[in-house]
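Engineer: One structure coming up, written as structure tokens, with questions to follow.
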Amino acid sequence: MRRDFPKKFLVLVGLVALAAIFSLSVGATDTPLAAVSEQLRERGGVVYLFRLPRVLSAILVGLCFAISGTLLQSLTRNPLASPDLLGVTSGGGLATVVAILLGGSTIGPALPWLAFAGASVVAGIIWTLGRNSTPQKFILTGVALSAFTQAVITLLLVTYAPSAAEAMIWLKGSLFGRGWIHVKHLLPWAILSLGGGLAVAHTANPLALGPNVATSLGVRLSLLRPLLWFLSVASAAAAVAVAGTIGFVGLLVPHLARRMCGPDLRTSVPFSGFLGALFVLVADTLGRIIAPPLEIPAGLICAFLGAPYFGFLLWKGQTRI
Amino acid sequence: MSLKAQSLCFSYLPGTPILQELSVQIPKGKITALIGRNGCGKSTLLKLLNRLLEPESGSIELEGKNLKDYSSRELARTLAHLSQTPTAPEGLTVRELVEFGRHPYKGLLGRTTSKDEETVHWALRETSLVELENRVLSALSGGQRQRAWIALALAQDTEYVLLDEPTTYLDIAHQLEVLELLTRLNEEQNKTIVMVVHDPNHASQYAHHVVALAGGKLFKEGSPKEIFTPEVIQSLFGVQPLVFPGEDPEKPWCVPKATLGTGESSVEEEVP
């Protein structure tokens, strides 16, 4: 563990808190900070009923996606692995689109669970097909399945164009209208993601040296690999279920976290979690204030911020990918 | 009590056996050199001895206990293995790499004890890497990097150390440095060392016991003096050697002079 980690981590948590306070006070009508704290104390008003659950959802979604990516990158030993690339996200997307098209708005409360089921099914298929092959083949299995699932989603959207608007918005990854029910759905998974990630962090660290060295160092791959897969899929699925397919967080944030605090998972798991939280929270807040009353989905902002940054990293030829 | 393999059979692909009925005994507290042509099964044998591969038949006994009965951590505390071309993630420092050697001793949270600190420091000192400990591995020379990996194996603080071509990629001074380090570990700490080497003199000068493999079978084993004779080397490697006695009559020198020609020495591809 690097010595400057606690300091960096505290700064990061502070930034998340600042972003949250800012996000609570802005909106269709800006709320002064005094009124924000009053509404929080009285558990009422727009701040408590609408903005707070949305802020919390953004934080938990970002945390889940980022930790999922961090664990997947450790599992596959590949910095390009992420829940979106491996098809877990699109599996959740497909299930949701089907559900929305079939059931319309009646499906509402069941949506998170359906998305979760879709993501898990795709994850199960990838694991069954790819677990005994090299990390490269494992990733390619996921990419292929992801492409296939995306194609099915597109086909459905095109075929049922008039009624697909709701599904469209969901697919873009948005936190619009997320309430306390979503926070309740997310919280246990986020705790599992962070707690489980921290619990396996030390054991999983030698994976970075390759399967042979890890085995020589006493790591039991036959146990650790399925555990990492389960944790990363469960976190990503829970996040997709609530916020739709917010891309890039699971790819970019783990990578950024590793650059900032080194490859030790004991630090990069919590750091990437909070960095992901910050990222999605800022994206969602920006989406709300850029062009009101129009809302730009957080997923789009993430892609707008993430893609150029990623290109910049590759272009700069940074060694610490 | 030692490391013993009993009629091992192994193949990567069905029908092309790599090891056939191989039985060897690694003497405890000695340096053993594994020699033989490319693809003869040396690396595979090391992997089987470290349980990275499972034999199709046959058994391995370590300290009187079947290798299968070791827990992963227990094995990692008894036996260290440095493979041929290990790769580290970008950005890892020398110290961080060597600290991985303490992994089998740490609990779930990976807390570091003073014993861990001491052993890591000792491993860095033995490999003359103390001054480079905060450097990123990718910024080191090939020789320094190889020493860092050896330091990782040392930090495991095991009775047995297996090394697959530890001198490859090193200049001649660093080659000797590694071999002298292994000798020192053997003499001062009584560690049992098994190394795959290609330079016949590394085997003849530094090993107590030499195991020569050919085609996945035991070709001959014995002291350097018994193995490094013109007849054995000629039929083992397909070269005409010059063998002459050194200052120590037990450690002959061996210089390969020419191949025997006509396909005899054709190099087979190394099996991964």
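Values quoted throughout were computed directly from the atomic coordinates according to the rules given, and no laboratory measurement underlies them. Quick caveat, the model's predicted, so the values are computed rather than measured. Methodologically, a virtual Cβ is constructed for each residue, glycine included, from the backbone with ideal geometry; neighbour enumeration extends over all protein chains shown.
Engineer: For the stretch A:166-174, what does the Karplus curve 6.51 cos²θ - 1.76 cosθ + 1.60, with θ = phi - 60°, yield as ³J(HN,Hα) per residue in whole Hz, taken in order and with x for Gly and Pro?
Structural biologist: 4, 4, 4, 4, 4, 5, 6, x, 9
Engineer: Kyte-Doolittle cut-off 1.0, length cut-off 24 Å along the helix's own axis using Cα: show which whole DSSP H helices in chain A pass.
Structural biologist: Values: long enough: A:5-25 (30 Å, 1.83); A:52-76 (36 Å, 1.55); A:111-130 (28 Å, 1.64); A:135-159 (36 Å, 1.40); A:180-204 (35 Å, 0.96); A:221-243 (32 Å, 1.80); A:265-289 (36 Å, 1.19); A:298-316 (27 Å, 1.43).
Counting only whole DSSP H runs, the qualifying helices are A:5-25, A:52-76, A:111-130, A:135-159, A:221-243, A:265-289, A:298-316.
Engineer: Further question on the same structure: Across peptide A:218-228, how many C-beta atoms of other chains are within 10 Å of each residue C-beta, on average? Please list the in-between numbers first.
Structural biologist: On the way: counts 13, 5, 3, 1, 1, 1, 0, 0, 0, 0, 0.
So the per-residue partner count for this stretch is 2.
Engineer: Can you pull the mean other chain C-beta count within 10 Å for peptide A:190-201? The partial results should precede the final answer.
Structural biologist: Working: counts 0, 0, 0, 0, 0, 0, 0, 0, 2, 2, 1, 3.
So the per-residue partner count for this stretch is 1.
Engineer: Can I ask one more? With a 10 Å radius around each residue's Cβ, average the other Cβ atoms per peptide and rank A:166-177, B:194-205, highest first. The partial results should precede the final answer.
Structural biologist: Values: A:166-177: 19.5, B:194-205: 22.4.
Highest to lowest by the protection proxy: B:194-205, A:166-177.
Engineer: Same structure, new question: For chain B, with equal point scatterers placed on the C-alpha atoms only and solvent neglected, what are the log10 I(q)/I(0) values from the Debye formula at q = 0.08, 0.13, 0.14, 0.16 1/Å, to two decimals?
Structural biologist: These q points yield log10 I(q)/I(0) values of -0.33, -0.89, -1.03, -1.30.
Engineer: While we're here: Please give the length that would be gained between B:Arg73 and B:Glu118 if that part of the chain were fully extended, namely 0.36 nm times their separation in residues minus their C-alpha to C-alpha distance (nm, one decimal). Walk me through the numbers on the way to the answer.
Structural biologist: On the way: separation 45, 0.36 × 45 = 16.20 nm, distance 2.01 nm.
Stretched out fully, the B:Arg73 to B:Glu118 stretch lengthens by 14.2 nm.
Engineer: Compute the distance from the alpha-carbon center of the stretch B:132-198 to that of the stretch A:23-43, in whole Å.
Structural biologist: The distance from the Cα centre of the stretch B:132-198 to that of the stretch A:23-43 comes to 63 Å.
Engineer: Taking K and R as +1 and D and E as -1, what net charge do the other residues with C-beta under 10 Å from the C-beta of B:Glu63 add up to? Write down the numbers at each step before the final one.
Structural biologist: Working: positive: B:Lys4, B:Lys28, B:Lys65; negative: B:Glu61, B:Glu159.
Combined, the nearby Lys, Arg, Asp and Glu give +1.
Engineer: Sticking with this structure for a sec: Two decimals is fine: what is log10 I(q)/I(0) at q = 0.08, 0.10, 0.13 Å⁻¹ for chain A, from a Debye sum with one equal scatterer on every Cα and no solvent?
Structural biologist: With no solvent term, the Cα-only Debye profile gives -0.35, -0.55, -0.92.
Engineer: Let me ask you something else. Treating cross-link reach as a plain straight distance, find the lysines whose alpha-carbon is under 18 Å from the alpha-carbon of B:Lys115, omitting any fewer than eight places away in the same chain.
Structural biologist: Within reach: B:Lys106.
Engineer: Expressed as a whole number of Å, what is the distance separating the alpha-carbon centroids of the stretch B:1-70 and the stretch A:49-102?
Structural biologist: After rounding, the separation between the Cα centres reads 45 Å.
Engineer: Then there is this: Counting each DSSP H run of 4 or more residues in the protein assembly as shown as -39500 (n - 2.57), what helix-only mean residue ellipticity at 222 nm follows after dividing by all residues, to the nearest 500 deg cm²/dmol? List each step's numbers first, then the result.
Structural biologist: Numbers: 22 runs with 320 residues, N = 593.
Helices in the protein assembly as shown give a 222 nm mean residue ellipticity of -17500 deg cm²/dmol.
Engineer: What's the average, rounded to a whole number, of partner chain beta-carbon atoms within 10 Å of each residue's beta-carbon in B:152-165? Working shown, then result.
Structural biologist: On the way: counts 4, 3, 0, 0, 3, 0, 1, 0, 0, 0, 1, 0, 0, 0.
The mean count of partner-chain Cβ atoms within 10 Å per residue comes to 1.
Engineer: For the stretch B:96-128 and the stretch A:205-247, what is the centre-to-centre distance using only Cα atoms, to the nearest Å?
Structural biologist: 25 Å
Engineer: Cβ under 14 Å from A:Glu295's Cβ, A:Glu295 left aside: what net charge do those residues give with Lys, Arg +1 and Asp, Glu -1?
Structural biologist: Working: positive: A:Arg51, A:Arg54, A:Lys172, A:Arg178, A:Arg288; negative: A:Asp284.
Local charge sum for A:Glu295: +4.
Engineer: Can you give me the convex hull volume of the Cα atoms of the protein assembly as shown, divided per residue and expressed in Å³? If you can, show how the numbers build up before the last one.
Structural biologist: On the way: hull volume 106.7 nm³, N = 593.
In the protein assembly as shown, the Cα hull volume divided by residue count equals 180 Å³.
Engineer: Could you give me the ³J(HN,Hα) list for the stretch B:62-68, computed from phi with Karplus coefficients 6.51, -1.76, 1.60 and θ = phi - 60°, whole Hz, x at Gly and Pro?
Structural biologist: Those phi angles translate into 10, 6, x, 10, 4, 4, 5 Hz.
Engineer: Still on this model: At a Förster radius of 41 Å, what calculated FRET efficiency corresponds to the Cβ-Cβ distance of B:Glu63 and B:Ala173, to the nearest 0.05? It would help to have the intermediate numbers written out before the result.
Structural biologist: Values: r = 36 Å, r/R0 = 0.87.
Plugging the Cβ-Cβ distance into 1/(1 + (r/R0)^6) gives 0.70.
Engineer: What is the sum of charges around A:Ser174, taking Lys and Arg as +1, Asp and Glu as -1, for the other residues whose C-beta is under 10 Å from the C-beta of A:Ser174? Don't skip to the answer; put the middle values down first.
Structural biologist: Working: positive: A:Lys172, A:Arg178; negative: A:Asp284, A:Glu295.
Surrounding charge for A:Ser174 is 0.
Engineer: Could you give each residue of the stretch B:79-88 its phi-based ³J(HN,Hα) in whole Hz, using Karplus coefficients 6.51, -1.76, 1.60 with θ = phi - 60°, and x for Gly or Pro?
Structural biologist: Along the stretch B:79-88, the couplings run 9, 10, 9, 9, 7, 5, 10, x, 10, 10 Hz.
Engineer: Compare the peptides B:70-77, B:243-250 by average per-residue count of other Cβ atoms within 10 angstrom and give them in order, highest first. Before the final figure, lay out each step's value.
Structural biologist: On the way: B:70-77: 18.1, B:243-250: 11.2.
Sorting B:70-77, B:243-250 by mean packing, highest first, produces B:70-77, B:243-250.
Engineer: I would also like to ask the following. Ranked highest first by average number of other Cβ atoms within 10 Å, how do B:183-190, A:273-280, A:216-223, A:62-69 line up?
Structural biologist: Working: B:183-190: 13.5, A:273-280: 28.4, A:216-223: 19.1, A:62-69: 34.4.
In decreasing order of mean packing, B:183-190, A:273-280, A:216-223, A:62-69 become A:62-69, A:273-280, A:216-223, B:183-190.
Engineer: Report, in listed order, any pair from B:Lys4/B:Lys257; B:Lys42/B:Lys251; B:Lys68/B:Lys217; B:Lys42/B:Lys65; B:Lys42/B:Lys68; A:Lys137/B:Lys4 with a Cα-Cα distance greater than 27 Å.
Structural biologist: Working: B:Lys4/B:Lys257 35 Å; B:Lys42/B:Lys251 22 Å; B:Lys68/B:Lys217 23 Å; B:Lys42/B:Lys65 23 Å; B:Lys42/B:Lys68 21 Å; A:Lys137/B:Lys4 36 Å.
Pairs exceeding 27 Å: B:Lys4/B:Lys257; A:Lys137/B:Lys4.
Engineer: Using a simple spin-label model with points 7 Å from Cα along the Cα→Cβ vector, what separation in nm is obtained for B:His208 and B:Ala258?
Structural biologist: Spacing of the two 7 Å Cα→Cβ label points: 4.0 nm.
Engineer: Compactness ratio of the stretch B:82-158: Cα Rg over 2.2 N^0.38 Å, N = residue count?
Structural biologist: Taking the Cα Rg and dividing by 2.2 N^0.38 Å, one obtains 1.02.
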